[in-house]
1. Taking the condition of being within 19 Å of Val329 (Cα to Cα) and surrounded by fewer than 24 Cβ atoms within 10 Å (Cβ to Cβ), how many residues in segment 98-107 meet it?
2. Considering Tyr165, Tyr236, Tyr184, which residue is within 16 Å of ligand 2 (Cβ to nearest atom), among the aromatic types (Phe, Trp, Tyr) and modelled with pLDDT of 95 or more?
3. Would you say Asn269 is within 16 Å of ligand 2 (Cβ to nearest atom), farther than 27 Å from Lys71 by Cβ and not acidic (Asp, Glu)?
4. Look at segment 469-494 and say how many of its residues are crowded, with 16+ Cβ neighbours inside 10 Å and free of Cβ contacts under 8 Å to residues at least 24 places away in the same chain.
5. With Leu66, Leu81, Leu55 as the choices, which residue is in the same structural domain as Val148 (by TED's automatic domain parsing), within 16 Å of ligand 2 (Cβ to nearest atom), surrounded by 20 or more Cβ atoms within 10 Å (Cβ to Cβ) and hydrophobic (A, V, I, L, M, F, W, C)?
6. Identify, from the list Gly287, Gly237, the residue that is free of Cβ contacts under 8 Å to residues at least 60 places away in the same chain, crowded, with 23+ Cβ neighbours inside 10 Å and on the phi > 0 side of the Ramachandran plot.
7. Pick out, from segment 364-475, the helices (runs of 4 or more DSSP H) lying fully within it that include 3 or more residues that are modelled with pLDDT of 85 or more.
8. Name the residues in segment 217-232 that are surrounded by fewer than 23 Cβ atoms within 10 Å (Cβ to Cβ) and either away from ligand 2 (no atom under 11 Å from the Cβ) or without any contact (Cβ under 8 Å) to a residue 12 or more places away in the chain (or both), would you?
Amino acid sequence: MSKANQTEHEEMDGGDGMADETPAVDVEQFRIEDMKAYAREIAHGDTVLVFDTTLRDGEQSPGATLHMQEKMEIAHQLARLGVDIMEAGFPAASPGDLEAVKKIANTVGRRPRRGKNGEIKAPPSIAGLARANKNDIDKAEEAVKGAVRPRIHTFLATSDIHMQYKLRMSRDEVLETVGDMVQYARSLCADVEFSPEDGGRSDPEFLVKVLEVAIQAGATTLNIPDTVGYTTPEEYGALIRYLRETTPGGKDVIFSCHCHNDLGLATANTLSGVQSGARQIEVTLNGIGERAGNTSLEESVMAIHVRPKTFGLDTNIVTQEIHRTSDMVSRYTGMVIQPNKAIVGANAFAHEAGIHQDGMLKHKRTYEIMDASTIGLNTSKLVLGKHSGKHALAKKLESMGFHLSQEEIKEVFNRFKDLADKKKTVTEADLEALVGDELYQPVEAWELLDVQVHAGTNLTPTAVVKLRENATGEQKIGAAIGTGPVDAVYRAINEIVKEPNNLVEFLVQAITEGMDANGDVTIRIEVPDSRGYKETAQGRQRRRLFSGRGVETDIIVACAKAYMQALNKMIDAAHSERGLEHIEAEGELVIEAGA
Ligand code: KIV
Ligand code: ZN
């Protein structure tokens, strides 16, 4: 293979360059003193900054609601992955969202990490989203200020259709608001990003005026959202080029791509934007997000990585962490990855067809353009066995990036021992599933204590379940028959919990290969009535879906656990909503008219 070809495919593959200990350095040295100079350097350089919005736009996927501990784990893992900026949430949405962003800013946002070459580098910037009003901006500032690199990301719609029907504002009013609010955000925070929402369908000449005002008011990152996933790669690339070249001061600020995937073009549009001079991409793991989702981190990063001659650019992503991060996000959000999904789908590196295998054996580049190990697949599969002790397990979990207390390690160890008794080897995938399954449950309303099922060819499927109501400590038993064992279990649980819901998705998978594999069950339930529910940052109603996941060698028990998790999330959300309604009634949460 020639050197050039090698570069195109694999030169940048290599060791994982990661260490898990927090480097002992003074974190204050990583503050950016001169934001304008920093932006100018990035805008004229070859590094594309990765702005991950899994915890904000991604969490807006129906049913993807994450609780605090899950958000924390994902945030830690995103830092290990090497994202430059992490949009941790929308602090004005609720006190819970504000708290989560604050916690991420004060921990992950203050923790130096290792870069892809093992170097010590700055913690990620922590961004909080804010509509263009003072209340939202104050909340965002309060949430992110603990980070070494805090960022306020404020937005206002600029397309005619949004301004006329949603905002009910004239162009002049929008221009004035952008100037005032960016300036206000800038008075609180050195790093301000501005997004003209629905930029993809906005009048480019008006956009130039809006962006000029934003730059003059102090924004150093200008994000151009294709909010409804309408543009084509040629159009989006041309828009970025036009805005960069025409907006006064545009060449010295960072242009950013934010594309939705309604036509399946999000990654193509983002890459086109990058080729037109954008130096930040806004992405989510697995492409999750509202409707058809956002640009996927793994696709855009790997395209830039695998095709260096085409793009001539690089990112700071530690690609070896991609698979693990994708897996964690899928597990915690309950958003299952389609098998043929590029980069992270189960079939992405599987070469089943005989003709492909023959070619692969002769030369692996005949049908494979990147190594599975580049995204961290098939690397260390190690593995613990039934004789491994708690210390070995703790070390392993730490090296996998989990931050567990002694108490949590004890719980995981008990589950690990049970599993190791049933299964000869326990792989990293098993451990990831087990940690996700066992820990980080919110305070649960109900706990599953016992489940028994009778089923078979000549039996009416019958289930008996025992649950504990945690508020009272009371144990309750329910029994039911069903069309199958899972139906019987769910009916028995319903008899006790009495929370109406519809099962809208049900998926059983195996975590690893082999007959003794752990079963991994993902379900999604929907609240049948139409009570008002939380809105997204853009003011859209969210569908009331809750996901649950259960992992066990016995798949009926896994089904019961998945259902309990979804039910508990549903009950928890109903409680928080009641809390939010109370705050709104007291007038503390001001929702901008039309936003
Ligand atoms: O899609 C969109 O317009 C957004 C903005 C808030 C940046 O997510
Ligand atoms: Zn978006």
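The values are calculated or read from the model by the stated rules, or taken from the named source; none is laboratory data. Keep in mind it's a predicted model, so treat the numbers as computed, not measured. Every residue, glycine among them, receives a Cβ derived from its backbone with ideal geometry; neighbour counts consider all protein chains shown.
1. Within segment 98-107, the subset within 19 Å of Val329 (Cα to Cα) is 100-101, 103-104.
In the following step, the residues that additionally are surrounded by fewer than 24 Cβ atoms within 10 Å (Cβ to Cβ) were identified as 103.
Qualifying residue count for the region: 1.
2. Details: Tyr165 fails: within 16 Å of ligand 2 (Cβ to nearest atom); Tyr184 fails: within 16 Å of ligand 2 (Cβ to nearest atom).
Of the residues listed, the single one that is within 16 Å of ligand 2 (Cβ to nearest atom), among the aromatic types (Phe, Trp, Tyr) and modelled with pLDDT of 95 or more is Tyr236.
3. Values: within 16 Å of ligand 2 (Cβ to nearest atom): yes; farther than 27 Å from Lys71 by Cβ: yes; not acidic (Asp, Glu): yes.
Here the answer is yes, as Asn269 does meet what is asked.
4. Quick first cut of segment 469-494, residues crowded, with 16+ Cβ neighbours inside 10 Å only: 478, 480, 482, 485-494.
With free of Cβ contacts under 8 Å to residues at least 24 places away in the same chain added as a condition, the list becomes 478, 480, 482, 494.
Within segment 469-494, residues that are crowded, with 16+ Cβ neighbours inside 10 Å and free of Cβ contacts under 8 Å to residues at least 24 places away in the same chain number 4.
5. On the way: Leu66 fails: within 16 Å of ligand 2 (Cβ to nearest atom); Leu81 fails: within 16 Å of ligand 2 (Cβ to nearest atom).
Checking each option against the conditions leaves just Leu55.
6. On the way: Gly237 fails: on the phi > 0 side of the Ramachandran plot.
Of Gly287, Gly237, the one residue that is free of Cβ contacts under 8 Å to residues at least 60 places away in the same chain, crowded, with 23+ Cβ neighbours inside 10 Å and on the phi > 0 side of the Ramachandran plot is Gly287.
7. On the way: elements: 390-399, 406-422, 428-438.
The helices (runs of 4 or more DSSP H) meeting that bar are 390-399, 406-422.
8. If the condition is that a residue be surrounded by fewer than 23 Cβ atoms within 10 Å (Cβ to Cβ) and either away from ligand 2 (no atom under 11 Å from the Cβ) or without any contact (Cβ under 8 Å) to a residue 12 or more places away in the chain (or both), then Ala217, Gly218, Tyr230, Thr232 are the ones that fit.
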